[in-house]
Amino acid sequence: MALKNDLLLKALRGETVERPPVWMMRQAGRYLPEFMELKKKYDFFTRCQTPELASEITVQPIRRYGMDAAILFSDILVIPQAMEIEVQMKPDFGPYLPDPIRSRKDLDRVVVPDVEDSLGYVMKAIRMTKEKLADEVPLLGFAGSPWTILCYCVQGQGSKSFDKAKEFCFTQPETAHALLQKITDTTIAYLKAKVRAGVDAVQVFDSWGGMLSPEDYEIFSWPYIQQIVDALKDETYVIVFGKGCWFALKTMSRSGAAALGVDWTCSAQNARYLSGGKITLQGNFDPSRLFSPPDEIRKMVTQMIRDFGKDRYIVNLGHGILPTVPLENAQAFIEAVKSYSEG
Ligand SMILES: Cc1c2[nH]c(c1CCC(=O)O)Cc1[nH]c(c(CCC(=O)O)c1C)Cc1[nH]c(c(CCC(=O)O)c1C)Cc1[nH]c(c(C)c1CCC(=O)O)C2
């Protein structure tokens, strides 16, 4: 079935549009009161694993704000969980993995699962969400990059430096690469299953790619993302978002990805320059700027569209929306894009 609003797909194909499409990273969950109600009743993984709940949370922001794309409510950490690494989500703390991977012996217990089996609940949530969306807007699927998933598997929790993850890579590179390959194989199978279940495009979140030097990025992160792009690009559109990875934009632009995400530390002009000027870019509003007054947000968004250009561009934040953003400010961000016109 053709989508009623296919602005996002047009931008991913590089077609000319009246105005750019808009969605917000981490738009599902986090800041909406209707989400908070569900959060009170059900713990995190129950929300992820119950297709009725996951699909409901996915469509909540679309109903409220009418973004041009929905992103499935889930988490990047369902992958290590499916690989039989225990993942807990502790309230007011975040992810906690009690048995992190630190040695070859630890690696041996990590499985490459049958994704339809272990992550079948995600595929169910996708099918249910597609029904609820009734072809209004496209649905995005996602996965973490292998490096970003390794960060959690080795560190065992969130971190400002992911020092233990880096130490593991630099002292036991063979084991690190073997882990990265297991994660990559699982992620490819997972994203292919998501495409079969009905997602219209996928985003790879390399949230911690910017923790690596440009040289180490080429060793521990990029080759595995490239494998994912190679495996998926003929089946769907792939968006690669690397937080803090402006230095890799040139490599990324030659990868076969349909679009590249950028954060606010890279200007539109520099991002266009580094990525060669032809590929669709996505970003890059500083999520903290959603605390500015709505009028200022509207002006900044209009300027951001002028800076990137309305074509080959997807309006987004430069990272996930913050949980305490006022609702009317998020609204101003979306409305500024929807009312954008040239001239
Ligand atoms: C690094 C990362 C994670 N998860 C994700 C990333 C990559 C994007 C990014 O860099 O922000 C991706 C993610 N996580 C979640 C989504 C769902 C869709 C969406 O929100 O748009 C997405 C796309 C739900 C979630 N994932 C999590 C929550 C909050 C916990 C809860 O609701 O109980 C939600 C709604 C928990 C989570 N999950 C993760 C962390 C660090 C945390 C705790 C801090 C936080 O709140 O973000 C890992």
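Anything in the stretch 1-37 that is of a type in the set (A, V, I, L, M, F, W, C), under 25 Å from residue 291 (Cβ atoms) and in a helix (DSSP H, G or I)? List them, or say none. Let's see the steps before the verdict.
First, pick out the residues of the stretch 1-37 that are of a type in the set (A, V, I, L, M, F, W, C): 1-3, 7-9, 11-12, 17, 22-25, 28, 32, 35-36.
Those still in the list that are under 25 Å from residue 291 (Cβ atoms) too: 22-25, 28, 32, 35-36.
Within the stretch 1-37, 35, 36 meet the criteria.
Collect the residues in the stretch 187-196 that are of a type outside the set (Lys, Arg) and either farther than 25 Å from residue 129 by Cβ or surrounded by fewer than 22 Cβ atoms within 10 Å (Cβ to Cβ) (or both), keeping them in residue-number order.
Across the stretch 187-196, the qualifying residues are 188, 189, 193, 195.
Of these, 111, 59, which one is within 14 Å of the ligand (Cβ to nearest atom) and aliphatic (A, V, I, L, M)?
Values: 111 fails: within 14 Å of the ligand (Cβ to nearest atom).
None of the others qualify; the one that does is 59.
Looking only at residues that are open to solvent by less than 10 Å² (accessible area, probe 1.4 Å) and hydroxyl-bearing (Ser, Thr, Tyr) in the stretch 135-154, which one is nearest to residue 94 (Cα to Cα)?
Per the criteria, the residue is 148.
Please go through the stretch 47-66 and give me each residue that is surrounded by fewer than 24 Cβ atoms within 10 Å (Cβ to Cβ) and touching a strand residue (DSSP E or B) at 6+ places or on another chain (Cβ under 8 Å), ordered by number.
59, 62
Among (1) open to solvent by less than 30 Å² (accessible area, probe 1.4 Å); (2) within 11 Å of the ligand (Cβ to nearest atom); (3) touching a strand residue (DSSP E or B) at 6+ places or on another chain (Cβ under 6 Å), there is one condition residue 22 misses while meeting the rest; what is its number?
(2) is the only condition that residue 22 fails.
Say whether the condition of being open to solvent by 20 Å² or more (accessible area, probe 1.4 Å), part of a loop (DSSP other than H, G, I, E, B) and closer than 21 Å to residue 337 by Cα is met by at least one residue in the stretch 316-323.
Step one: of the stretch 316-323, the residues open to solvent by 20 Å² or more (accessible area, probe 1.4 Å) are 319, 322-323.
Next, from what is left, pick out any that are part of a loop (DSSP other than H, G, I, E, B): 319, 322-323.
If we keep only those that are closer than 21 Å to residue 337 by Cα too, we end up with 319, 322.
Yes, the stretch 316-323 contains a residue that is open to solvent by 20 Å² or more (accessible area, probe 1.4 Å), part of a loop (DSSP other than H, G, I, E, B) and closer than 21 Å to residue 337 by Cα.
Here are the criteria: (1) crowded, with 19+ Cβ neighbours inside 10 Å; (2) in a helix (DSSP H, G or I). Tell me which single one residue 40 does not satisfy.
Exception for residue 40: condition (1).
Need the failing condition index for residue 291 against (1) open to solvent by 60 Å² or more (accessible area, probe 1.4 Å); (2) within 19 Å of residue 12 (Cα to Cα), just the number.
The number of the failed condition is (2).
Restricting attention to the stretch 77-105, and to residues there that are near the ligand (Cβ under 10 Å from one of its atoms) and buried (at least 19 other Cβ atoms within 10 Å of the Cβ), which single residue is farthest from residue 134 (Cα to Cα)?
Only one residue fits best here, namely 87.
Does the stretch 67-76 hold any residues that are open to solvent by less than 20 Å² (accessible area, probe 1.4 Å) and in a loop (DSSP other than H, G, I, E, B), and which are they? Quick ask: steps written out before the conclusion?
To start, the set of residues in the stretch 67-76 that are open to solvent by less than 20 Å² (accessible area, probe 1.4 Å) comprises 67-74.
Across the stretch 67-76, the qualifying residues are 67, 68, 69, 72, 73, 74.
Do we find a residue being of a type in the set (S, T, N, Q), surrounded by fewer than 17 Cβ atoms within 10 Å (Cβ to Cβ), in contact with a helix residue (DSSP H, G or I) (Cβ under 9 Å, 6 or more places away or on another chain) and within 28 Å of residue 256 (Cα to Cα) anywhere in the stretch 170-186?
yes
Which of the residues belonging to the stretch 217-264 are part of a helix (DSSP H, G or I), open to solvent by 10 Å² or more (accessible area, probe 1.4 Å) and of a type in the set (Gly, Ala, Ser)?
231, 253
With 145, 159, 207, 213 as the choices, which residue is without any contact (Cβ under 8 Å) to a residue 40 or more places away in the chain and within 14 Å of the ligand (Cβ to nearest atom)?
Numbers: 145 fails: without any contact (Cβ under 8 Å) to a residue 40 or more places away in the chain; 207 fails: without any contact (Cβ under 8 Å) to a residue 40 or more places away in the chain; 213 fails: within 14 Å of the ligand (Cβ to nearest atom).
None of the others qualify; the one that does is 159.
Kindly indicate the residue of the stretch 266-288 that is open to solvent by less than 20 Å² (accessible area, probe 1.4 Å) and assigned to a helix (DSSP H, G or I) and also nearest to residue 323 (Cα to Cα) among those meeting that condition.
That would be 287.
Within the stretch 167-203, which residues are outside any helix (DSSP H, G or I) and not acidic (Asp, Glu)?
We begin by selecting, within the stretch 167-203, every residue outside any helix (DSSP H, G or I); these are 172, 198-203.
Answer for the stretch 167-203, where residues must be outside any helix (DSSP H, G or I) and not acidic (Asp, Glu): 172, 198, 199, 201, 202, 203.
The values are calculated or read from the model by the stated rules, or taken from the named source; none is laboratory data. Predicted, not measured: the structure shown is a model, and the values here were computed from it. Neighbour counts run over all protein chains shown; Cβ positions are idealised from the backbone, glycine included. Ligands, DNA and RNA are stripped out before the accessible areas are found, and what is left, the full protein with its side chains, is counted by its heavy atoms. Shrake-Rupley method; radii C 1.70, N 1.55, O 1.52, S 1.80 Å.
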